[in-house]
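The values are calculated or read from the model by the stated rules, or taken from the named source; none is laboratory data. Not measured: the values here are computed from a predicted model. All Cβ positions, even for glycine, are placed from backbone atoms using ideal geometry, and neighbour counts span all protein chains on display.
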Amino acid sequence: MVTLSARQAPGVFGKTVWVDLSAGSVREVEETPEHHRRFLGGAGAAVYQLLRQLRPGTDPLAPENLLVFAPGLLAGTQSPATPRYVVCARSPLTGALGKSDSGGYWGAELKKAGVGALVITGRAAEPSYLLVTLEGVEFRSALRAWGLSTGEAQDWIKDDVGDPKVRVAVIGPGGEHCVRYAGIASDLTHFNGRNGLGAVMGSKNLKAVAVRGGQNLEAHDAPRIKEIARAAALLCREHPLSRMLHDQGTPAGIEATNAAGALATRNWQSATFPATDKIGGAVLNGQYLVKRGGCYACPVQCKRVVAVDSENFKVDPRYGGPEYETILAFGSNCGVDDFEVIAKANELCNMYTLDTISAGMTISFAMACFEEGLIGREETGGLDVRFGDGEVVLALIEQIAHRQGFGDLLAEGSVRAAAAIGGGADAHVLAVKGQEVPMHDPRVKTGLGLQFALSPNGPDHWFAQHDPLFAAETSPGVAALAPLGLLGSVAPLDLGPAKVRLIRETSVLNSLYDCLGVCVFGAVARSMTSIKSYVDLVSAATGWETSLWELMHAGERALAMSRVFNVREGFGPETDTLPSRFFTPIADGPLAGQNALDPNRFAEAVRLYYGMSAWDEGTGLPTAGKMAELGLDEEFA
Amino acid sequence: MTRTVPEIRVVTHGGLLRRGRRGSTDDTVIVDPGTTLAEVLTSLGIDRGLVGVAAVDGTIVQLDAALQSDGVVHVYPIFGGG
């Protein structure tokens with residue numbers, strides 16, 4: 001046990017705690033009030049540490065890579081829908097900024113243990129886990145947990161600690177084997193899924209970080225926070241988008257996306273899936289839902305918990321249930337029309353900590369290669385890797401997680417696998433900056449395309465807000481985001497200045513959300529909590545007399561630092577683009593032969609985003625003036 | 001003389017009407033020729049701003065389009081990201 005200074009009354013900021021796994025040492029830093037005000041928490045705090053402390057060019061799987069866990073500023077308070085924490089490192093999948101945030105309870109618990117940012121470096125001599133409490137940080141052996149699934153490991157750690165209420169962020173075999181898209185699970189149902197940050201944990205011999213706080217945070221004006229939370233809870237029942245999220249969850253979007261002719265199907269070779277009624281939200285909610293789940297202090301409770309107990313499959317509800325992205329990644333995208341297979345695939349990925357988007361996309365890539373004859377049974381170990389074969393999907397997940405057979409190649413992700421296969425296999429890759437794209441088609445949502453291209457952590461479907469929320473004057477996003485000066489509707493296929501402005505401003509807003517710990521499913525434009533509420537919540541939590549202007553600049557500051565980090569690692573403007581597939585027409589369905597993005601217009605829109613952000617077109621870096629405006633010039637220019 | 005009146009069956013998805021947990025509920029309305037889908041939605045109490053896609057027989061239809069023949073209209077809620 002490395003005892004830290006007294007943290008008996010944790011505040012909303014928390015301390016920065018550095019852990020060196022190689023040396024077995026811990027030190028803590030009390031950041032200045034100015035630091036908190038500039039970077040807030042979450043993504044702002046984490047990217048700051050990476051940019052300042054990580055040597056450029058560090059191998060992502062080397063001990064020197066930093067792994068930062070940072071709850072948002074409001075995480076751990078009673079603020080509505082602000083449970084999120086971010087994990088950052090240099091990504092072993094992309095080589096760029098690795099940044100993946102998660103909801104649940106773990107981030108709030110870390111804050112209640114007095115920690116605002118946990119920065120981990122080095123490599124433990126043997127498999128280990130950290131126990132973080134108000135008393136300090138304890139290094140513990142995880143030899144007996146190494147090789148276990150997330151559920152088994154969590155059970156073992158809770159027994160080892162002797163406290164069933166400890167919150168555990170853990171990796172499964174996928175992380176241990178450094179699968180380049182391994183994630184991190186907390187409480188078995190919440191995930192830092194993207195960018196391979198679980199592989200960074202594995203490379204450090206770090207099985208888990210267990211946290212026990214237990215005290216409520218001391219906020220400046222707790223009654224005001226509760227007042228806003230109560231109002232949000234009431235509004236949640238009436239706000240149509242919040243209500244639908246609670247009732248139906250994200251899978252409800254599957255049927256709508258299929259009807260729109262934009263459903264990722266068979267590695268995006270098709271845009272409609274005839275068996276959508278077998279895998280969509282209606283079948284999940286109607287046949288397999290056992291209960292709803294949610295996150296700390298969130299009134300929405302949007303998560304699904306499913307169980308399967310059939311002749312072919314048993315799916316344990318302790319691993320939650322598949323979301324929209326997962327259902328499509330393993331369902332239509334792999335040509336699989338059996339919900340039970342998808343639920344099983346989700347369970348396996350959660351047990352092994354594989355990112356379901358990259359796993360599904362890498363498997364569908366292999367299916368496309370196999371069906372085109374670029375690979376055969378010799379390469380796949382005898383498997384017929386064809387679209388529609390659910391058994392093959394499940395077998396490949398097992399192989400990938402344990403780096404066995406053909407799975408060892410797929411564990412590298414589709415970009416590296418295509419390079420190894422050659423022969424034009426890269427035509428079947430849909431990735432940006434080395435990461436596979438989520439299940440949204442930029443050909444029906446051009447702003448989503450800008451998100452994929454511009455997100456510093458690879459294609460991220462929550463880099464900004466989604467186009468349909470602003471499609472018509474009556475769309476809910478139009479009124480909700482008027483306080484940002486975004487007035488009027490913007491058509492989903494628009495790619496002009498109005499669309500770029502929408503994506504630019506909402507990317508800053510979402511970056512602010514990432515600093516505060518806000519979940520996009522609890523906040524405007526996707527849900528009910530207003531922008532003004534967050535300004536009030538920050539004031540109530542911190543005692544600052546703040547404003548939307550100041551907070552949006554903090555969001556922009558985090559984005560600018562991310563940009564500097566990426567350029568430093570070799571990701572310039574040429575990487576801000578889309579897979580070639582999106583510049584071709586949609587193959588079939590109601591939009592057959594239509595909607596190809598124009599590459600020149602798209603590039604022009606990217607450049608306009610640069611211009612609005614004051615990023616240099618040649619280097620991709622924020623200009624000196626922008627860095628100075630954001631107060632980053634002295635440290636990072 | 002028999003008057004031909006299109007019978008439009010409107011099926012809403014994703015909890016737009018919030019009738020039951022399954023999220024797929026339907027209502028049948030009979031409309032005069034030329035009635036728009038937007039007017040049908042209004043009669044059902046559905047805010048058109050919440051509608052993401054409407055389709056008849058796999059073809060996307062605009063809310064302001066006049067409904068001219070018998071058929072089933074599937075209406076899906078706005079999907080702002082999963």
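Some points to look at:
- Single match in A:220, A:239 (criterion: modelled with pLDDT under 95 and outside the structural domain of residue A:10 (by TED's automatic domain parsing)): A:239
One line per residue, one yes/no per condition, for (1) of a type in the set (A, V, I, L, M, F, W, C); (2) within 27 Å of the chain's Cα centre (by Cα):
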{"site": "A:577", "(1), (2)": "no, yes"}
{"site": "A:588", "(1), (2)": "no, no"}
{"site": "A:592", "(1), (2)": "yes, no"}
{"site": "A:596", "(1), (2)": "yes, no"}
{"site": "A:610", "(1), (2)": "no, yes"}
{"site": "A:620", "(1), (2)": "no, yes"}
{"site": "A:632", "(1), (2)": "yes, yes"}
{"site": "A:636", "(1), (2)": "yes, yes"}
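- Scanning segment A:615-635 for residues that are surrounded by fewer than 17 Cβ atoms within 10 Å (Cβ to Cβ), under 19 Å from residue A:44 (Cα atoms) and touching a helix residue (DSSP H, G or I) at 6+ places or on another chain (Cβ under 7 Å) returns A:631, A:633, A:635.
- Counted as qualifying within segment A:1-119 are the helices (runs of 4 or more DSSP H) with 2 or more residues that are of a type in the set (A, V, I, L, M, F, W, C), namely A:42-53, A:106-112.
- Considering A:605, A:540, the condition of being within 30 Å of residue A:637 (Cβ to Cβ) and not polar (S, T, N, Q) is satisfied by A:605 alone.
- Among the candidates A:472, A:498, the residue that is modelled with pLDDT under 95 and either under 19 Å from the mean Cα position of the chain (by Cα) or hydrophobic (A, V, I, L, M, F, W, C) (or both) is uniquely A:472.
- Residue that is surrounded by the fewest Cβ atoms within 10 Å (Cβ to Cβ), among those in segment A:190-233 that are assigned to a helix (DSSP H, G or I) and basic (Lys, Arg): A:230
- Pairs linking a residue in segment A:461-483 that is at the interface with another protein chain (Cβ under 8 Å from one of its Cβ atoms) and of a type in the set (Ser, Thr, Tyr) to a residue that is assigned to a loop (DSSP other than H, G, I, E, B) and surrounded by fewer than 21 Cβ atoms within 10 Å (Cβ to Cβ), with Cβ atoms under 9 Å and 6 or more positions apart or on different chains, are A:474/A:489; A:474/B:47; A:475/A:489.
- Of the residues making up segment A:306-329, those that are in contact (Cβ under 8 Å) with a residue 60 or more places away in the chain and over 23 Å from residue B:80 (Cβ atoms) are A:316, A:318, A:319.
- Any hit, segment A:218-238, residues being over 24 Å from the mean Cα position of the chain (by Cα) and within 14 Å of chain B (Cβ to nearest Cβ): yes
- Tally, over segment A:288-324, of residues that are in a strand (DSSP E or B) and either more than 22 Å from the chain's Cα centre (by Cα) or more than 13 Å from residue A:250 (Cα to Cα) (or both): 8
- Restricting segment A:246-276 to residues that are of a type in the set (S, T, N, Q) and closer than 11 Å to residue A:588 by Cβ, the residue that is farthest from the other protein chains (Cβ to nearest Cβ) is A:269.
- Considering A:385, A:415, A:429, the condition of being of a type in the set (A, V, I, L, M), in contact with a Cys (Cβ under 9 Å, 6 or more places away or on another chain) and away from chain B (no Cβ under 14 Å) is satisfied by A:385 alone.
- Residue check, residue A:284 more than 18 Å from the chain's Cα centre (by Cα), under 21 Å from residue A:429 (Cα atoms), within 14 Å of another protein chain (Cβ to nearest Cβ) and not in a strand (DSSP E or B): no
- Filtering segment A:192-212 to residues that are within 17 Å of residue A:177 (Cβ to Cβ) and within 16 Å of the chain's Cα centre (by Cα) leaves A:193, A:195, A:196, A:197, A:198, A:199, A:200.
- The criterion of at least 1 residues that are of a type in the set (Ser, Thr, Tyr) and at negative phi is met by the following strands (runs of 3 or more DSSP E) wholly inside segment A:123-188: A:128-133, A:136-141, A:184-186.
- Only one of A:605, A:560, A:587 that is more than 14 Å from every other protein chain (Cβ to nearest Cβ), of a type in the set (A, V, I, L, M, F, W, C) and closer than 25 Å to residue A:74 by Cβ: A:560
- Matching residues in segment A:48-92 - criterion: being of a type outside the set (Lys, Arg), in contact with a strand residue (DSSP E or B) (Cβ under 8 Å, 6 or more places away or on another chain) and under 30 Å from residue A:224 (Cα atoms): A:69, A:70, A:71, A:72, A:75, A:80, A:81, A:85, A:86, A:87
- Highlighted here are the strands (runs of 3 or more DSSP E) found entirely within segment B:9-81 that include at least 3 residues which are at pLDDT 90 or above and facing chain A (nearest Cβ under 10 Å): B:51-56, B:71-77.
- Qualifying residue in segment A:248-261 (condition: surrounded by fewer than 21 Cβ atoms within 10 Å (Cβ to Cβ) and either among the basic types (Lys, Arg) or in contact (Cβ under 8 Å) with a residue 12 or more places away in the chain (or both)): no
- Residues located in segment A:489-511, provided they are in a loop (DSSP other than H, G, I, E, B) and not aliphatic (A, V, I, L, M): A:489, A:492, A:494, A:496
- Sole exception among (1) more than 21 Å from residue A:606 (Cβ to Cβ); (2) crowded, with 24+ Cβ neighbours inside 10 Å for residue A:539, by number: (2)
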